[in-house]
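To keep things clear, I will list the structure first and then write my remarks on it.
The values are calculated or read from the model by the stated rules, or taken from the named source; none is laboratory data. Just so we're clear, the structure is a prediction, and the values are computed from it rather than from any experiment. No Cβ is skipped: glycine too gets one built from the backbone with ideal geometry, and neighbour counts run over all protein chains shown. Only protein heavy atoms, including side chains, enter the accessible area calculation; ligands, DNA and RNA are left aside. Shrake-Rupley method; radii C 1.70, N 1.55, O 1.52, S 1.80 Å.
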Amino acid sequence: MNDILKVAGREIRSRLWVGTGKYKDFAETKTAIEASGAHVVTVAVRRINITDRSKEGLFDYIDPKKYIILPNTAGCYTAKDAIRTANLARAAGVSDMVKLEVIGDEKTLLPDNEALLEAAKILVKDGFIVLPYTNDDPIMAKKLQDAGCHAIMPLAAPIGSGLGIRNPYNIRIILESASVPVIVDAGVGTASDAAIAMELGCDAILMNTAIACAKDPIKMAYAMKMAVDAGRLAYLAGRIPKKLYASASSPLEGMIE
């Protein structure tokens, strides 16, 4: 199929994006990412070694030439910290594309949307490709898009909760008004959640905990790959309308009485 996802003109070969945290070791991280078929791999700038390449680190297992490395500003609670972290990643030669997170609450890990919008405007002006993690608020999604963000990343549910799509109606509204890719980020728990998000018409899904914390991360990574592919195909195919009453699967016309 000629169904290629593009973000800021860059072709992305997979609609499943994955994180790198919470695995038992780098070897498991590598194997799970390979099983997922992901092309985009996100890394927390503040939690990995990106400056001293003489020490063993994630990039000894994840080849930046094979994957699009997406640095993120996880752990930042102010716009200033997020901007500084994004600039650190760019200065270290990781990427000028950043998943922008500005957390507003330590317990829920929900975003601080005012600070997020502030940081997004500054980073866009500084030439970054900005992909903001936000809540499922269509108004904020529109503001971030108008600020020049290159994709919108609404949460399905709180980070690591595994609750799945809590508000599909808001996601649909975001999709209707978006002129940039919409990538569900956070809250997916299992393969059916991923399929639902893709069937809504989302362009991609980013997940970490659902795979890394599964009993078998490798099997779950492969399950998520298939779910994302199936959900995307179902969306493109177009589901039948829901009906209250039955409808015969065999037409009545031409039947012998």
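Details
- Residue check for residue 35: under 18 Å from the mean Cα position of the chain (by Cα) and either outside any loop (DSSP other than H, G, I, E, B) or at pLDDT 95 or above (or both): yes
- Among the residues listed as 123, 116, 100, 131, the single one being surrounded by 21 or more Cβ atoms within 10 Å (Cβ to Cβ), out of contact with any helix residue (DSSP H, G or I) (no Cβ under 9 Å at 6 or more places or on another chain) and at pLDDT 95 or above: 131
- All positions within the stretch 189-208 that are closer than 13 Å to residue 153 by Cα and either in contact with an Asp or Glu (Cβ under 6 Å, 6 or more places away or on another chain) or aliphatic (A, V, I, L, M) (or both): 197, 204, 205, 206, 207
- Residue within the stretch 85-97 that is in contact (Cβ under 8 Å) with a residue 24 or more places away in the chain, within 19 Å of residue 144 (Cα to Cα), crowded, with 18+ Cβ neighbours inside 10 Å and charged (D, E, K, R) present: no
Residues are listed down the side, and each one gets a yes or a no for (1) in contact with a Lys or Arg (Cβ under 7 Å, 6 or more places away or on another chain); (2) open to solvent by less than 30 Å² (accessible area, probe 1.4 Å):
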residue: 7; (1), (2): no, yes
residue: 11; (1), (2): no, no
residue: 19; (1), (2): no, yes
residue: 26; (1), (2): no, no
residue: 42; (1), (2): yes, yes
residue: 66; (1), (2): no, no
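- The stretch 100-112 residues that are under 24 Å from residue 88 (Cβ atoms), paired with ones that are outside any loop (DSSP other than H, G, I, E, B) and open to solvent by 60 Å² or more (accessible area, probe 1.4 Å) (beta carbon under 6 Å, 6 or more apart): none
- When the stretch 72-87 is filtered for residues that are among the hydroxyl-bearing types (Ser, Thr, Tyr) and over 18 Å from the mean Cα position of the chain (by Cα), the ones remaining, listed by number, are 77, 78, 85.
- Candidates 222, 169: the one that is touching a helix residue (DSSP H, G or I) at 6+ places or on another chain (Cβ under 9 Å) and among the hydroxyl-bearing types (Ser, Thr, Tyr) is 222.
- Some residue of the stretch 8-23 being in contact with a Leu (Cβ under 9 Å, 6 or more places away or on another chain) and in a helix (DSSP H, G or I): no
- Every pair of residues 6+ apart whose Cβ atoms lie under 6 Å, when the first sits in the stretch 154-181 and is of a type in the set (Val, Ile, Thr) while the second is not in a loop (DSSP other than H, G, I, E, B): 165/196; 165/197; 173/138; 174/138; 174/141; 174/154; 174/182; 180/145
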